[in-house]
Amino acid sequence: MTFPTRFGLLISLWLGWLSGVGQPVLHLTAPHDGYTPRPLPAVWLDTAATATFTQALLADRAGLFRPYGPGTPNFGSSPVALWLRLRIRANNPDAWLLESTNHLIEDISFFGTSSRTDSVRRQRQGLFYPPKQKDLRNNLRYFRAFASTDRPGDTATIYLRVKNNMPLVIPLRLVTAQQVATESHPKDLLAGLLLGVMFAMAGYNFCLLLVIRDRVYLFYVLYVLTGVVSTDFQGYLNEFIFDRYLPAFPLYVSYALCVMLASALLFAQRFLNTPRHAPRLDKGIRVLLVACLVPVLFRWFDLRLAMTVSMQVLISATAIYLFGLGVYLFSRGLKEARFYMLAWTVLLLATLLFLGRVNGWLPVNLLTTSTVTIGVALETVLLSFALADRINVYRRETAQAQERLVSSVRETEQTKNRVLQLELSALRSQMNPHFLFNSLNSIQQFILAKDPLAAAGYLTKFARLMRFNLEQSREPTVSLQREIEMLRVYLELESLRFGQPFTYAFVLDSAINAYDIAIPCLMIQPFVENAIWHGLMHKPEGHGHIQVSFNLLSDSSLRCLIDDNGVGRQAAATYQSAHRTRHRSAGMGITTERLALLTNDPTGNSHVQVTDLTDDTGQAIGTRVVVDLPVLTP
């Protein structure tokens, strides 16, 4: 130090001592919990943030230092440099330390002067200083309050220069070295316990991530790890890890905060399934995710004040929004939200206790100084409980799904068995005893009448029809062309053995290729049989006619219309009741039930419609049956 500089400093110290004469001096004895220097600190704001210690002494000489007043110094977010000054006296000066418990201060410099000597003691701490530039490598900020040359009763004046882009809260305390050693044991034990709990929760859920492969566990692990890094657990990580291996990390802690908030948002979105349970509130999560990029951009362009303010707003908005989201979904009956809501409730209460402590509303003790770390650890445990409860919910849902699957398989098997039984019943209904007896009787009549050609032709058609029925009984589907051929043979046989021959016709839509369309087998014949026995049989004048038409409704549906010019349903019912006929068409009921099973229609009535055809005078001229058949894969 050159002589002019040393001389100027001596003059400044003398002027500072003169300006401090008559001001309150805090007398230190042997306390149990330390002294909180209030309302003694005097404050000067260096708006340019460029003043040196000499200039600060001149500002003190000019009366620019003003009493701060009661309460912990709290100056919010500001780019200015803050100077604090206090005067102390002690009977044992070697034992006293000045403590600042805010380990997140970026730049804090200590200047100590004594009434006995003109030397200035300098110490500097802060997040932005590499380890080699720090005078003390400790998780808190400790400064020796007195010079080594000070004697009992000497007065020391302390100046602190603090610059911080984050919210500036400066809890100050004067404590003895013995008291620091005594208090460090429970603090270290609590911090280690909480840190171990958080790492244990992160490790356990990381193992679950490897097994379950659900991204919600990835977001949880990221949230826990970035939360540990961001809160720094009273500076222990900064002291033992970052200072040694990543000295520049404090410059980028804002990135860790943004990742922590983004992980919390993604965890909530995935865990609570907000796109399904709260689609409107899910949009708010997406907005906050995009907002997480704002502090990163400000930090990238070195706009620290804007970064700090945006980070404060983002943290507050995210915490309130996620807490409200959990309360809303829990009130809507979402059971998974109970532990989630409880976790955020604990964290918000811990934050309120922290604010009460730093603003002087609560006493400074082990509990109040550790509220944030305790809150974060408890939130981590409760969120892990929420994930465990989610596993139980998954197990219950899986068990229920398996039960539903087993029930569905059973129902499917029962349906298949029922379809098989109905198909066999349909086959038996097509080869009913009356038809077989009458067919064989007709062949016998041809033989007795010595008409071997007619008997041979009838027998050939009868054998062909039997072959059709046997072939269809082995296949679930049949081509439309094959079904028409079978119906044609059946109608020929019925016409030959019928007392009054009738005519028939098949009409196909031009868009239908009968060879390429497959339909369920044994579906149309029962309706044709019903038209013959209940429509044409009772027609007195003869000249009966049946027309079977096919129209393609869509690629998956085919409509069949069966028209006859018989007596109609009312007359047929009257005739059947009067003559007590024994013929019952069971095939129509069986076919309707088969359609219900094939189309998942409980009744099948929507696929079978029977209407009476009438003339202009309202007289019955026949019956129309409309059957909608599913088009199947051949």
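The values are calculated or read from the model by the stated rules, or taken from the named source; none is laboratory data. Just so we're clear, the structure is a prediction, and the values are computed from it rather than from any experiment. Reconstructed Cβ throughout: ideal geometry from the backbone, glycine too, with neighbour counts over all protein chains shown. Quick note on the areas: whole protein, heavy atoms, side chains included, nothing else; ligands and nucleic acids left out. Shrake-Rupley method; radii C 1.70, N 1.55, O 1.52, S 1.80 Å.
A compact table of results
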quantity	calculated
Residue within segment 131-138 that is assigned to a loop (DSSP other than H, G, I, E, B), aliphatic (A, V, I, L, M), modelled with pLDDT under 80 and touching an Asp or Glu at 6+ places or on another chain (Cβ under 9 Å) present	no
Breaking point among (1) open to solvent by 10 Å² or more (accessible area, probe 1.4 Å); (2) part of a helix (DSSP H, G or I); (3) modelled with pLDDT of 75 or more, for ARG173	(2)
Residue among GLU397, GLU336 that alone is open to solvent by less than 60 Å² (accessible area, probe 1.4 Å), among the acidic types (Asp, Glu) and closer than 23 Å to GLN269 by Cβ	GLU336
Subset of segment 559-584 that is out of contact with any Lys or Arg (no Cβ under 9 Å at 6 or more places or on another chain) and open to solvent by less than 30 Å² (accessible area, probe 1.4 Å) - its residue that is modelled with the highest pLDDT	CYS560
Hits in segment 405-424 - residues which are modelled with pLDDT of 65 or more, open to solvent by 80 Å² or more (accessible area, probe 1.4 Å) and over 19 Å from MET588 (Cβ atoms)	LEU405, ARG410, GLU411, GLU413, GLN414, LYS416, ASN417
Selection count where residues are more than 18 Å from LEU595 (Cα to Cα) and basic (Lys, Arg), scope segment 520-576	2
Total residues in segment 284-333, condition surrounded by 15 or more Cβ atoms within 10 Å (Cβ to Cβ) and not in a helix (DSSP H, G or I)	2
Residue in segment 320-328 that is under 26 Å from the mean Cα position of the chain (by Cα), free of Cβ contacts under 8 Å to residues at least 12 places away in the same chain and under 30 Å from ALA49 (Cα atoms) present	no
Complete set of residues in segment 204-263 that are of a type in the set (S, T, N, Q) and modelled with pLDDT under 65	GLN234, ASN238
Qualifying residue in segment 372-391 (condition: farther than 17 Å from ARG270 by Cα, at pLDDT 85 or above, among the polar types (S, T, N, Q) and assigned to a helix (DSSP H, G or I))	no
Candidate set: segment 504-538, residues that are under 17 Å from LEU613 (Cβ atoms) and aromatic (Phe, Trp, Tyr); chosen: the one surrounded by the most Cβ atoms within 10 Å (Cβ to Cβ)	PHE527
One residue from ARG467, ARG482 being open to solvent by 50 Å² or more (accessible area, probe 1.4 Å), within 21 Å of GLN547 (Cβ to Cβ) and part of a helix (DSSP H, G or I)	ARG482
Some residue of segment 179-188 being under 38 Å from the mean Cα position of the chain (by Cα) and either at pLDDT 80 or above or of a type in the set (Lys, Arg) (or both)	yes
Among (1) modelled with pLDDT of 85 or more; (2) part of a helix (DSSP H, G or I); (3) of a type in the set (A, V, I, L, M); (4) open to solvent by 60 Å² or more (accessible area, probe 1.4 Å) - the single one LEU553 does not satisfy	(2)
Strands (runs of 3 or more DSSP E) enclosed by segment 20-107 - at least 2 residues per element that are modelled with pLDDT under 65 and open to solvent by 10 Å² or more (accessible area, probe 1.4 Å)	26-28, 74-76
Residues of segment 181-225 classified as touching a residue at least 12 places away in the same chain (Cβ under 8 Å), more than 18 Å from VAL372 (Cβ to Cβ) and open to solvent by 80 Å² or more (accessible area, probe 1.4 Å), total	3
Residue match in segment 438-453 (condition: part of a loop (DSSP other than H, G, I, E, B), among the small types (Gly, Ala, Ser), open to solvent by 10 Å² or more (accessible area, probe 1.4 Å) and at pLDDT 75 or above)	no
